[in-house]
Amino acid sequence: MTDALGWRLKLGVVTPSVNTVVQPEYDDMRPRGVTNHIARIHIPDWVVNNDEDFDGLVRDIDRNVDDAVGSVLTCDPACVVLGVSIEAVYGDPKAGEAIRDRLRAKFGEDLQLIHAGDAIPSALRAVGVEDGPISLITPYQPSSEPHLRSFVESRGYELHTAVHLRSPTAVQIAHTSGETLRRELKRLAADRPRAIVQFGANMSMGRIAAEAEQWLELPVISVNTATYWYALRSNGVDDQAEGFGQLLAHH
């Protein structure tokens, strides 16, 4: 017998305890017969005044990922989705692979980890952006940029422009206004990169990115949309959905 509600797919999701965006955005994208099961990576609400604070926030997340994964695995999901984007590229463009290998050593070689480091390049290729310049929008501190640049270049792209909104605390990333996001997207699009990519899973941008594709006339990839899309497609769920951009609507 299969799960009564998750009869097609059960997704385990781990996201920081301060994150209020991943769970509702993933649920909005959830097809019938797919269920999302959330475990929280416990961290304090870091006040981020400088680069050192931001580094500490990332370290705190990484330190507590394993416990959250161990918790969500008890519901026997098909895979685990890492609902936090910066950890998958921080310090090493292949950081996501290192996290996966660490988790497999602890929990078993069959563990499937879905993370932004794989999802974003796959999403870009799906919408026809194989290479060239891309721009980024993040809620982070400027210290994140060398890590993001290294990741982007390792995947065969060029980092054209990056906007870092410098959210003062981890919780306040979710307070970023739609007005701010629309303004910065227009500014990034003025230089005509091949695509705009958002990092920062606690910044609600799925529906705004979908709208922006219409008036900017270029792909705008929200990290939560890309990661959830990649989790579905990697597990044989091909349902298309409106409202979250061309990625979920057509690919």
**Fill in**
Every listed condition ((1) of a type in the set (A, V, I, L, M); (2) open to solvent by 30 Å² or more (accessible area, probe 1.4 Å); (3) in contact with a Leu (Cβ under 8 Å, 6 or more places away or on another chain)) holds for Val47 save (3)
**Asked** Is there a residue in segment 71-86 that is outside any helix (DSSP H, G or I), surrounded by fewer than 14 Cβ atoms within 10 Å (Cβ to Cβ) and modelled with pLDDT of 95 or more?
**Response** yes
**Prompt:** Give me the pairs: first residue in segment 215-238 and at pLDDT 95 or above, second residue among the small types (Gly, Ala, Ser) and in a loop (DSSP other than H, G, I, E, B), beta-carbon distance under 6 Å, and six or more apart or on different chains, which are they?
**Reply:** Val223/Ser85; Val223/Ala201; Asn224/Ala201; Asn235/Ala78
**Asked** Just for segment 155-175: of the residues that are open to solvent by less than 60 Å² (accessible area, probe 1.4 Å) and assigned to a helix (DSSP H, G or I), which one is farthest from Pro133 (Cα to Cα)?
**Response** Val171
**Asked** Going through segment 87-123 one residue at a time, which ones are touching a residue at least 40 places away in the same chain (Cβ under 8 Å), in a helix (DSSP H, G or I) and either over 22 Å from Leu11 (Cβ atoms) or not aliphatic (A, V, I, L, M) (or both)?
**Response** Lys106, Asp118, Ser122
**Prompt:** With respect to the numbered conditions (1) assigned to a helix (DSSP H, G or I); (2) touching a residue at least 60 places away in the same chain (Cβ under 8 Å); (3) in contact with a helix residue (DSSP H, G or I) (Cβ under 8 Å, 6 or more places away or on another chain), which one is the sole condition not fulfilled by Leu181?
**Reply:** (2)
**Request:** Quick one: in segment 16-29, of everything that is assigned to a loop (DSSP other than H, G, I, E, B) and touching a residue at least 60 places away in the same chain (Cβ under 8 Å), which residue is surrounded by the fewest Cβ atoms within 10 Å (Cβ to Cβ)?
**Result:** Thr20
**Item:** Number of positions in segment 117-151 that are within 19 Å of Ser204 (Cα to Cα) and open to solvent by 10 Å² or more (accessible area, probe 1.4 Å)
**Value:** 2
**Message:** I'm checking my understanding of the structure. Among residues of segment 189-218 that are closer than 17 Å to Ala123 by Cβ and part of a helix (DSSP H, G or I), which one is nearest to the chain's Cα centre (by Cα)?
**Reply:** Gly206
**Asked** So how many residues does segment 160-170 have that are in contact with a Pro (Cβ under 8 Å, 6 or more places away or on another chain) and either within 23 Å of Asn50 (Cα to Cα) or free of Cβ contacts under 8 Å to residues at least 24 places away in the same chain (or both)?
**Response** 6
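The values are calculated or read from the model by the stated rules, or taken from the named source; none is laboratory data. These numbers were taken from a predicted model, which means no experiment stands behind them. Neighbour counts are summed over all protein chains in view; Cβ atoms, including those assigned to glycine, are modelled from backbone coordinates with ideal geometry. For accessibility, only protein heavy atoms count, side chains too; no ligands or nucleic acids. Shrake-Rupley method; radii C 1.70, N 1.55, O 1.52, S 1.80 Å.
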